[in-house]
Amino acid sequence: MSTDERYPAVLLFGAPGAGKGTQGKVLGNIPGFFHQSSGDVFRTIDVHSKEGEQFFAYSSRGELVPDDLTIQIWRKNLNALRVLSLYKPKTDLLILDGIPRTVNQAKIMEQYVNVLKVIYLVCEDEETMVERLRRRALKENRVDDARVEVIRRRWEVFKEETRPILEFYSGEIVVKVDGVRGPAFVLQDILRILAPIQDEHFGNALDDGSSLGR
């Protein structure tokens with residue numbers, strides 16, 4: 001894709017339990033935003049497809065899925081959503097949740113998305129986040145995910161592999177939001193940041209002769 005064809009996007013970024021999924025789902029219900037969760041992408045992958053077979057070959061062995069394959073699956077999912085007109089790049093601002101997870105993934109994705117903002121949901125108190133994740137897993141009846149050692153391992157992976165992404169993107173586009181506050185307050189802070197970006201994106205779509213929902 002050329003620079004002009006890249007999808008305008010915003011990244012919801014943060015440690016496990018920071019609330020990326022919660023905020024992404026709410027934003028996805030607001031006209032002009034399209035939320036794509038990496039978790040949803042991989043949960044709905046066709047196990048009989050070439051990519052699906054490769055993905056499960058790695059995951060079934062407990063191995064990390066290569067970055068190239070991860071981005072290939074993500075891109076195929078996004079293209080399918082576009083073909084179905086569920087995602088309309090001319091009028092929808094793409095909200096990415098859970099991807100990229102490594103600096104290498106961020107580098108690969110640069111050819112497909114134009115990251116306008118990185119919303120960093122800051123939750124520095126690890127103990128608070130561990131307890132939040134544990135309660136959520138128990139509420140959703142995911143007993144294995146409620147184990148403290150599993151949660152702490154997720155935090156270690158975030159610090160080692162994912163947090164360096166912040167250094168990859170320009171400091172000017174990274175905006176910190178307190179992720180420990182109540183969900184409504186967090187959403188309010190996020191919308192203050194995103195509303196002008198969405199307005200400009202929508203205005204550009206109108207200039208191109210498009211209309212919202214077309």
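Scanning segment 1-55 for residues that are outside any helix (DSSP H, G or I) and among the β-branched types (Val, Ile, Thr), we see that the one that is farthest from the chain's Cα centre (by Cα) is VAL47.
Residue-by-condition table, conditions (1) small (Gly, Ala, Ser); (2) surrounded by fewer than 17 Cβ atoms within 10 Å (Cβ to Cβ):
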site	(1), (2)
ALA15	yes, no
ALA18	yes, no
PHE33	no, no
PHE42	no, no
GLY52	yes, yes
THR70	no, no
TRP74	no, no
LEU84	no, yes
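Selection of helices (runs of 4 or more DSSP H) fully inside segment 100-214 by the criterion of at least 1 residues being out of contact with any strand residue (DSSP E or B) (no Cβ under 6 Å at 6 or more places or on another chain), among the small types (Gly, Ala, Ser) and over 26 Å from THR70 (Cβ atoms) returns 183-207.
Rundown of residues vs (1) modelled with pLDDT of 95 or more; (2) buried (at least 18 other Cβ atoms within 10 Å of the Cβ), yes/no style:
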position: ILE95; (1), (2): yes, yes
position: PRO100; (1), (2): yes, yes
position: MET109; (1), (2): yes, yes
position: VAL115; (1), (2): yes, yes
position: VAL118; (1), (2): yes, yes
position: MET129; (1), (2): no, yes
position: ARG135; (1), (2): no, no
position: LYS139; (1), (2): no, no
position: ARG142; (1), (2): no, no
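Among the residues of segment 92-129, those that are in contact with a Pro (Cβ under 9 Å, 6 or more places away or on another chain) and of a type in the set (Val, Ile, Thr) comprise THR102, VAL103, ILE108, VAL113, VAL115.
The values are calculated or read from the model by the stated rules, or taken from the named source; none is laboratory data. All figures in this text were calculated on a predicted structure; none of them were measured in a lab. No Cβ is skipped: glycine too gets one built from the backbone with ideal geometry, and neighbour counts run over all protein chains shown.
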